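FYI, it's all coordinate maths here, none of it is from the lab. Note that the coordinates shown come from a computational prediction; the quantities given were computed from them, not determined experimentally. All Cβ positions, even for glycine, are placed from backbone atoms using ideal geometry, and neighbour counts span all protein chains on display.
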Amino acid sequence: MKIGILTSGGDCPGLNAVIRGFCKFVLNQVEDAELIGITDGYYGLINNETRILKKEDFSGILNVGGTILGTSRQPYKLMKSQDRNGVSKLDKMKQTYEKLGLDCLVTVGGAGTHKTAGLLSNEGLNVIGIPKTIDNDIFGTEVTFGFHSAVDIATECIDRVHTTAASHGRTMFVELMGNKVGWLTLYAGIAGGADVILLPEFPYDPEIIAEVITKRQEEGHAFNIIAIAEGAMSIEDSKMKKSERIAMRGGESSSTKALAAYIENRCGVETRIVVPGHLQRGGNPSAYDRILSSEMGSFAGHLVLEKKFGTTVAINDNKVTFNKLSDVAGTLKYIPEHNQMVNIARSMGIVLGDRRNKE
Ligand code: F6P
């Protein structure tokens with residue numbers, strides 16, 4: 001049995017633990033299994049850049065961040081475009097799969113990776129996905145590995161900012177990753193005790209945030225913590241196209257600077273912006289993510305042995321299971337309006353940029 005494995009899209013803590021979990025499971029169950037590591041995600045599949053993975057490759061990587069296979073972003077929308085010889089990336093990936101003589105391809109990645117995995121599966125390849133991302137936005141699974149490590153890091157960032165905010169009496173904006181979905185900001189915002197949490201799913205009214213700050217000033221609080229997702233936007237901005245918003249902000253992709261300037265003017269407070277950026281994706285996976293990655297990796301091994309192709313691993317009701325790739329590819333898991341954590345945040349008086357706390 002010959003199995004290819006790749007990691008694709010943005011890296012996150014736990015990728016190596018998943019590779020290890022999957023490969024150890026397979027080598028333990030199938031003596032003559034051949035494991036092919038595909039370099040830099042779909043790039044390696046397009047360009048036939050691979051290496052044989054041996055037992056030694058999985059030693060000492062459980063707690064190491066990043067991915068031993070390398071990764072890259074290969075936009076889904078370009079997969080079918082043809083080069084001057086009339087050959088597409090999709091054609092090349094199918095050729096590599098055939099050339100290598102793979103029985104199955106395991107794709108570890110986020111939303112974009114799942115879209116391409118779905119495409120390959122539709123083309124007749126035996127594909128099994130494993131959902132990773134700090135964004136936790138893969139449809140059909142309660143959790144993706146990498147998310148909780150990122151929540152831990154983002155929470156520590158808010159904790160550290162908290163002490164400076166309190167000491168200086170400042171209003172601190174902590175801009176966290178999440179362009180389309182705000183799970184990371186929601187969870188870290190609650191864990192870090194933010195006063196305001198702003199999410200891409202719920203466009204905000206800047207005036208409501210100003211009211212929160214003024215009320216806190218009146219109550220004697222000199223500082224404020226605002227956890228804001230990179231994709232959060234005002235109600236006004238949400239009426240524009242993405243390109244128009246960015247142009248209007250002078251090239252800024254996030255709304256944080258504009259909001260901080262508004263708050264500084266409107267409330268007379270001193271503001272600072274902290275952007276932890278890729279720190280949220282780096283470093284060692286948490287113990288939780290090491291366990292989840294081991295569970296998801298070894299379960300993907302089960303799926304391979306059972307020939308359950310065209311699927312992706314998922315966690316539902318706290319149990320490991322799988323979904324069809326066709327049900328997952330192309331759909332994002334947004335925060336629903338009445339999500340339990342949203343309700344909890346609102347019930348504790350955390351403002352999400354609207355007046356729904358009082359509903
Ligand atoms: O998808 C994970 C993610 O970290 C997003 O939260 C973020 O918007 C994006 O990747 C950043 O991508 P890149 O590393 O390519 O700049």
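Some observations on this one:
- Between Lys257, Lys241, Lys333, the residue with the greatest mean-square fluctuation in the GNM of the chain (Cα pairs under 10 Å linked by springs) is Lys241.
- For region 222-359, convex hull volume per residue from C-alpha positions, Å³: 198 Å³
- Taking a point 7 Å out from the Cα of Glu270 in the direction of its Cβ, the residues of region 166-186 whose backbone N falls within less than 18 Å of it are 166-174.
- GNM on the chain, alpha-carbon springs under 10 angstrom: the most fluctuating residue among His162, His221, His302 is His221.
- Total formal charge among the other residues, if their Cβ is under 13 angstrom from that of Met177, Lys/Arg +1 and Asp/Glu -1: -3
- Across region 26-36, rounded Karplus estimates of 3J(HN,Hα) from the backbone phi angles (6.51 cos²θ - 1.76 cosθ + 1.60, θ = phi - 60°) give 4, 5, 6, 8, 10, 4, 9, 5, 10, 10, 10 Hz, Gly and Pro being marked x.
- Rg and Dmax, both from the Cα atoms of region 114-182 and both in Å, are 18.0, 60.
- With a Cα cut-off of under 16 Å and a minimum spacing of 8 residues unless on different chains, the lysine pairs in region 1-93 number 9.
- Zero-based 5 Å bins, Cα pair distances in region 109-241, whole percents: 2, 11, 16, 17, 16, 13, 9, 6, 4, 2, 2, 1, 0
- With R₀ fixed at 22 Å, the C-beta to C-beta distance from Leu305 to Leu78 puts the FRET efficiency at about 0.05.
- Folded to 0 to 90 degrees: helix 111-122 orientation relative to the chain principal axis, Cα: 30 degrees
- Crossing angle, helix 147-168 versus the chain [Cα axis fit, 0-90 degrees, rounded to tens]: 20 degrees
- Global geometry of the chain, whether rounded, prolate or oblate, following the gyration tensor of its Cα atoms and the 1.5 cut on a/c: prolate
- Residues in region 280-290 carry Karplus couplings, in order, of 5, 9, x, x, 6, x, 5, 4, 4, 5, 5 Hz; the curve used is 6.51 cos²θ - 1.76 cosθ + 1.60 with θ = phi - 60°, and Gly or Pro positions show x.
- Relative contact order of region 138-284, defined on C-alpha pairs under 8 angstrom at six or more residues apart (%): 32 percent
- Take 343-355, 131-143 and order them by the average number of nearby Cβ atoms within 10 Å per residue, most first; the result is 131-143, 343-355.
- Maximal additional length on extending the Ile61-Asp327 stretch stands at 92.6 nm, based on 0.36 nm per residue less the C-alpha distance.
- FRET efficiency, 1/(1 + (r/R0)^6) with R0 25 Å, evaluated for Thr214 and Asn179 via beta carbons: 0.25
- Fraction of C-alpha pairs exceeding 19 angstrom in region 1-77: 33 percent, rounded to a whole number.
- Full extension of the chain between Met248 and Tyr288 yields a length gain of 10.3 nm, computed as 0.36 nm times the residue separation minus the alpha carbon distance.
- Here the calculated FRET efficiency for Glu123 and His168, from their Cβ-Cβ distance with R0 = 56 Å, stands at 0.45, rounded to the nearest 0.05.
- Each residue of region 37-42 is assigned a 3J(HN,Hα), and the resulting list reads x, 9, 6, 6, x, 5 Hz, derived from the Karplus form 6.51 cos²θ - 1.76 cosθ + 1.60 (θ = phi - 60°), x at Gly and Pro.
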